[in-house]
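**Student:** Quick one: structure below, then a few questions.
The values are calculated or read from the model by the stated rules, or taken from the named source; none is laboratory data. As the structure is a computational prediction, the values presented were derived from the model and not from experiment. With ideal geometry, Cβ positions are generated from the backbone for all residues, glycine too; neighbour counts draw on all protein chains shown.
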Amino acid sequence: MDSSDISDDLTTVLYTREQIAARLAEIAAEIDRDYKDKFPLLVGVLNGAIMVVADLSRALSIHCEMDWMAVSSYGSGTQTSGVVRILKDLSVDLAGRHVLVVEDIIDTGLTLTYLMQNLASRDPASLKIMTMFRKPDAFKGDLEIAYVGFDLPNQFVVGYGLDYAGRYRNLTDVGILAPHVYS
Ligand code: 5GP
């Protein structure tokens, strides 16, 4: 699905499929250099990071392994508490591995802060973060993010893995959801 299929549902297209692919190619070139001969493990956080992991891994020229985690955040309504329940853990042992956590979007960063503490306790050789999107105004955490695709405005966006009520994850572009969709 591209934005022309649901053009009434978006107020603005922020990034097209082509812009996302071009940015991912740049990041992949950095990761190729930084992880040469390190056989990194890409850890995707389900469900949103599926598209990023699929495209980033294929843009790499080096070997990588992939594994997945699913987490749910305790909290009321739209407030994230920062306490995370692991719904699906990794299959791969992290000890001695070069781990790159791949995220779709970092908003408050609370969920990821908890996750990083958990992963760090498993003795990886290195542990870094790549996120496709970041909302800098909202970011409250104390996380160092090694690779960032694009910074976003503080608005609710959908597409490229990001959903609203289970929809729009398969939208190839990323855009701001029109208020009439959720009001
Ligand atoms: P936080 O960084 O606040 O702990 O949580 C990040 C999570 O909030 C993301 O993984 C994503 O599920 C959700 N999120 C934050 N901003 C947006 C947005 O603009 N659109 C969508 N679809 N999800 C968002």
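**Student:** Can you tell me how many residues within the stretch 142-155 are near the ligand (Cβ under 9 Å from one of its atoms) and hydrophobic (A, V, I, L, M, F, W, C)? Steps first, answer last, please.
**Tutor:** Step one: list which residues in the stretch 142-155 are near the ligand (Cβ under 9 Å from one of its atoms), which gives 152, 154-155.
Still in the running and hydrophobic (A, V, I, L, M, F, W, C): 152.
Summing the residues that are near the ligand (Cβ under 9 Å from one of its atoms) and hydrophobic (A, V, I, L, M, F, W, C) in the stretch 142-155 gives 1.
**Student:** OK, next. For the stretch 119-138, name all the residues that are within 14 Å of the ligand (Cβ to nearest atom) and surrounded by fewer than 17 Cβ atoms within 10 Å (Cβ to Cβ). Explain how you work it out, then say what you get.
**Tutor:** So the first thing to find is which residues in the stretch 119-138 are within 14 Å of the ligand (Cβ to nearest atom), and the list is 129-138.
Scanning the stretch 119-138 gives Pro136, Asp137, Ala138.
**Student:** Still on this structure, please answer the following. Answer yes or no as to whether Arg169 is modelled with pLDDT of 95 or more, under 26 Å from Ala22 (Cα atoms) and of a type in the set (D, E, K, R).
**Tutor:** In short, yes.
**Student:** Out of Val102, Val158, Val84, report the one residue that is within 14 Å of the ligand (Cβ to nearest atom), crowded, with 17+ Cβ neighbours inside 10 Å and more than 23 Å from Ser57 (Cα to Cα). Show your work before the answer.
**Tutor:** On the way: Val102 fails: more than 23 Å from Ser57 (Cα to Cα); Val158 fails: more than 23 Å from Ser57 (Cα to Cα).
Just one listed residue meets the conditions, Val84.
**Student:** Can you tell me which residue in the stretch 161-181 is nearest to Thr108 (Cα to Cα), limited to those that are within 16 Å of the chain's Cα centre (by Cα) and near the ligand (Cβ under 8 Å from one of its atoms)?
**Tutor:** Selected residue: Leu162.
**Student:** For the structure I just gave you, tell me whether Leu112 is crowded, with 18+ Cβ neighbours inside 10 Å and over 18 Å from Asp55 (Cβ atoms).
**Tutor:** Details: crowded, with 18+ Cβ neighbours inside 10 Å: yes; over 18 Å from Asp55 (Cβ atoms): yes.
So Leu112 passes the test.
Conditions (1) touching a residue at least 60 places away in the same chain (Cβ under 8 Å); (2) of a type outside the set (A, V, I, L, M), marked per residue:
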{"position": "Asp123", "(1), (2)": "no, yes"}
{"position": "Met130", "(1), (2)": "yes, no"}
{"position": "Pro136", "(1), (2)": "no, yes"}
{"position": "Asp151", "(1), (2)": "no, yes"}
{"position": "Tyr160", "(1), (2)": "yes, yes"}
{"position": "Ala165", "(1), (2)": "no, no"}
